[in-house]
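Novice: Okay, handing you the structure first.
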Amino acid sequence: MPELPEVEILVRHLAPLLRGKTVRRVDVRRAKVIAPTTERALSRILRGAKFIGVERRGKYLLFTLRVPRRRNPVLLVGHLGMTGRIYLLPKENPLPRHAAVVMELGRHLFVYEDTRYFGRLTLDTSGPCRLGPEPLGREFSVDYFADTLQRSAQSIKVKLLDQTLVAGIGNIYASEALFRARISPKLPARRLARKQIQHLWEAIREVLKEAIDCGSTLPLDFSGTRRRDGLFYYGAAGDESKFYQERLRVYDRGGEPCVRCRTTIRRVVQAARSTYFCPHCQR
DNA sequence: CACCATGTTCCTTG
DNA sequence: CCAAGGAACATGGT
């Protein structure tokens, strides 16, 4: 899935394109992704609604729309799961096989496609309501981070994936941040020293900021017409994503030498997910 | 066929 | 009650 940086880049891309556009028609092709909203309800509320803005919260996309004859704007919540994509497609182009929700907007279609259908595009706001603070925001202080970590026996890697602790870190950036901070992913959260917590806090912010900077300087193509799909994250096709992948220091580098000490990078499984780390640099 | 995959939620076990 | 681990969700790539 896109983690925080990928969603941030997508939101920045979509915001100016969507602002002022009116939804003419809503086509739900996979009911699961709008649950618990029904197709009737989604269609009734969104038809005639106009996009005001798009924001990101953690890994969620928040679309705000003004609805005719309604006081308050409506919030449409998106989450890309592992394989979700959102882009505008010229009307004459064929729809992708796994188009889950399609909205007609003038000459373009708003397409939410998702091969595995793990993501969401819904009126249900409970997802983003459960999130912890933004890692790049004011609320995410070192003190808050330390207080929360001291109360958990969970391994620090698994803890970083807890979206109620801090929102937006996923499997890739959890490994990357721990490598940067030189902390073992297996260390129980409560056993981190204050200095390590400070380092990890900085590493998280640096890793995320650098990924956003990287994405915002690349010439991304969001057209969705194969090849480069605009999502520059790990696993995407195209030269840009290769360039991006090279920036990851440990993720998916099991068996390769550590860039700092040449020790072989190890892959371990924690909470059923892969973790990559350098057993020498990270103790 | 085997195993792996950017995420979240739910269930079981201890 | 809580934490931890695993399965489920669904599809595709290697």
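The values are calculated or read from the model by the stated rules, or taken from the named source; none is laboratory data. Since the structure is predicted, the reported quantities are computational estimates derived from the model, not experimental observations. Here Cβ is always computed from backbone atoms with ideal geometry, including for glycine, and neighbour counts include all displayed protein chains.
Novice: Only residues that are in contact (Cβ under 8 Å) with a residue 40 or more places away in the chain and surrounded by fewer than 16 Cβ atoms within 10 Å (Cβ to Cβ): list them for region A:31-47, please.
Specialist: Once the filter is applied, which keeps residues that are in contact (Cβ under 8 Å) with a residue 40 or more places away in the chain and surrounded by fewer than 16 Cβ atoms within 10 Å (Cβ to Cβ), region A:31-47 yields A:Lys32, A:Ala35, A:Pro36, A:Ala41.
Novice: Among the listed residues A:Leu88, A:Leu4, which satisfies the condition of being closer than 22 Å to A:Glu210 by Cα and either buried (at least 16 other Cβ atoms within 10 Å of the Cβ) or more than 21 Å from the chain's Cα centre (by Cα) (or both)?
Specialist: A:Leu4
Novice: Hey, among the residues in region A:251-273 that are in contact (Cβ under 8 Å) with a residue 24 or more places away in the chain and outside any loop (DSSP other than H, G, I, E, B), which one's surrounded by the most Cβ atoms within 10 Å (Cβ to Cβ)?
Specialist: A:Gln270
Novice: Might you check whether a residue that is assigned to a helix (DSSP H, G or I), within 15 Å of the chain's Cα centre (by Cα) and within 30 Å of A:Pro36 (Cβ to Cβ) occurs anywhere in region A:153-165?
Specialist: yes
Novice: A:Leu80 versus (1) within 17 Å of A:Gly106 (Cα to Cα); (2) within 14 Å of DNA strand B (Cβ to nearest atom): which is the lone unmet condition?
Specialist: (1)
Novice: Also, I was wondering about something else. Is it the case that some residue within region A:186-195 is charged (D, E, K, R), within 16 Å of DNA strand B (Cβ to nearest atom) and modelled with pLDDT of 95 or more?
Specialist: no
Novice: Follow-up. Condition first: farther than 18 Å from A:Arg130 by Cα, surrounded by fewer than 18 Cβ atoms within 10 Å (Cβ to Cβ) and of a type in the set (D, E, K, R). Now tell me which residues in region A:147-178 satisfy that.
Specialist: Within region A:147-178, A:Asp147, A:Arg151 qualify.
Novice: While we're looking at this one, here's another question. Applying the selection to region A:121-131, what residues are more than 11 Å from DNA strand B (Cβ to nearest atom) and within 16 Å of the chain's Cα centre (by Cα)?
Specialist: Within region A:121-131, just A:Leu121 meets the criteria.
Novice: Moving on to the next point. On the basis of being over 22 Å from A:Ile212 (Cα atoms) and more than 14 Å from DNA strand C (Cβ to nearest atom), does A:Tyr117 make the cut?
Specialist: Against the criterion (over 22 Å from A:Ile212 (Cα atoms) and more than 14 Å from DNA strand C (Cβ to nearest atom)), A:Tyr117 does not qualify.
Novice: If A:Lys50 meets every condition in (1) in contact with an Asp or Glu (Cβ under 9 Å, 6 or more places away or on another chain); (2) among the basic types (Lys, Arg); (3) crowded, with 17+ Cβ neighbours inside 10 Å apart from one, which number is that one?
Specialist: (1)
Novice: Give me the residue from region A:136-147 that is outside any loop (DSSP other than H, G, I, E, B) and without any contact (Cβ under 8 Å) to a residue 40 or more places away in the chain and, out of that set, farthest from DNA strand B (Cβ to nearest atom).
Specialist: Applying the filter and picking the extreme gives A:Asp143.
Novice: Moving on to the next point. Looking at the structure I just gave you, is A:Pro133 assigned to a helix (DSSP H, G or I) and either touching a Lys or Arg at 6+ places or on another chain (Cβ under 7 Å) or crowded, with 16+ Cβ neighbours inside 10 Å (or both)?
Specialist: For A:Pro133, the condition - assigned to a helix (DSSP H, G or I) and either touching a Lys or Arg at 6+ places or on another chain (Cβ under 7 Å) or crowded, with 16+ Cβ neighbours inside 10 Å (or both) - is not met.
Novice: Output yes when any residue across region A:49-67 is among the hydroxyl-bearing types (Ser, Thr, Tyr) and at pLDDT 95 or above, and no when none is.
Specialist: yes
Novice: Please give the number of the condition A:Ala174 fails out of (1) within 17 Å of the chain's Cα centre (by Cα); (2) assigned to a loop (DSSP other than H, G, I, E, B).
Specialist: Of the numbered conditions (1) within 17 Å of the chain's Cα centre (by Cα); (2) assigned to a loop (DSSP other than H, G, I, E, B), the odd one out for A:Ala174 is (2).
Novice: Take the residues in region A:121-130 that are out of contact with any helix residue (DSSP H, G or I) (no Cβ under 6 Å at 6 or more places or on another chain) and not hydrophobic (A, V, I, L, M, F, W, C), then tell me which one is surrounded by the most Cβ atoms within 10 Å (Cβ to Cβ).
Specialist: A:Pro128
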